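Novice: So that we are looking at the same thing, I have put the structure below in structure tokens.
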């Protein structure tokens, strides 16, 4: 996958994420904390939440998310 494809894939995911993506990626432990932050932010930011939330993740969790998206989500066939 090229950098352009990975970026486009991530952006499409950010606009079309499934409602349970956090628990799919992090399981039950960390997911509750991250889900709470996501919902709190969504009340203020609406559709921009995903991207703002991503920027507040630490680098380890950003890597976990981007790796998961690249393995499990395809914007284009």
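Throughout, read-outs are computed from the coordinates displayed, never taken from laboratory work. Computed from a predicted model, the values in this text were never measured in an experiment. A quick note on method: Cβ atoms are made from the backbone with ideal geometry, for glycine too, and the neighbour counts reach across all protein chains shown.
Novice: Are any of the residues in the stretch 18-34 within 13 Å of the chain's Cα centre (by Cα), surrounded by fewer than 16 Cβ atoms within 10 Å (Cβ to Cβ) and in contact (Cβ under 8 Å) with a residue 60 or more places away in the chain?
Specialist: The answer is no, given that none of the residues of the stretch 18-34 is within 13 Å of the chain's Cα centre (by Cα), surrounded by fewer than 16 Cβ atoms within 10 Å (Cβ to Cβ) and in contact (Cβ under 8 Å) with a residue 60 or more places away in the chain.
Novice: Please work out which residue is surrounded by the most Cβ atoms within 10 Å (Cβ to Cβ), limiting yourself to the stretch 1-17 and to residues that are part of a loop (DSSP other than H, G, I, E, B) and touching a helix residue (DSSP H, G or I) at 6+ places or on another chain (Cβ under 8 Å).
Specialist: The initial filter retains those residues of the stretch 1-17 that are part of a loop (DSSP other than H, G, I, E, B), namely 1-2, 17.
From what's left, touching a helix residue (DSSP H, G or I) at 6+ places or on another chain (Cβ under 8 Å): 1, 17.
Details: 1: 11, 17: 16.
Here the residue is 17.
Novice: Output the number of residues of the stretch 52-77 satisfying the condition of being exposed (fewer than 10 other Cβ atoms within 10 Å of the Cβ) and more than 11 Å from the chain's Cα centre (by Cα).
Specialist: Here the count works out to 6.
Novice: Then there's this: Can you report the number of residues in the stretch 40-77 which are closer than 20 Å to residue 2 by Cβ and not in a helix (DSSP H, G or I)?
Specialist: 5
Novice: Still on this model: Which count do you get for residues in the stretch 40-51 that are over 16 Å from residue 66 (Cβ atoms) and surrounded by 12 or more Cβ atoms within 10 Å (Cβ to Cβ)?
Specialist: Here the count works out to 6.
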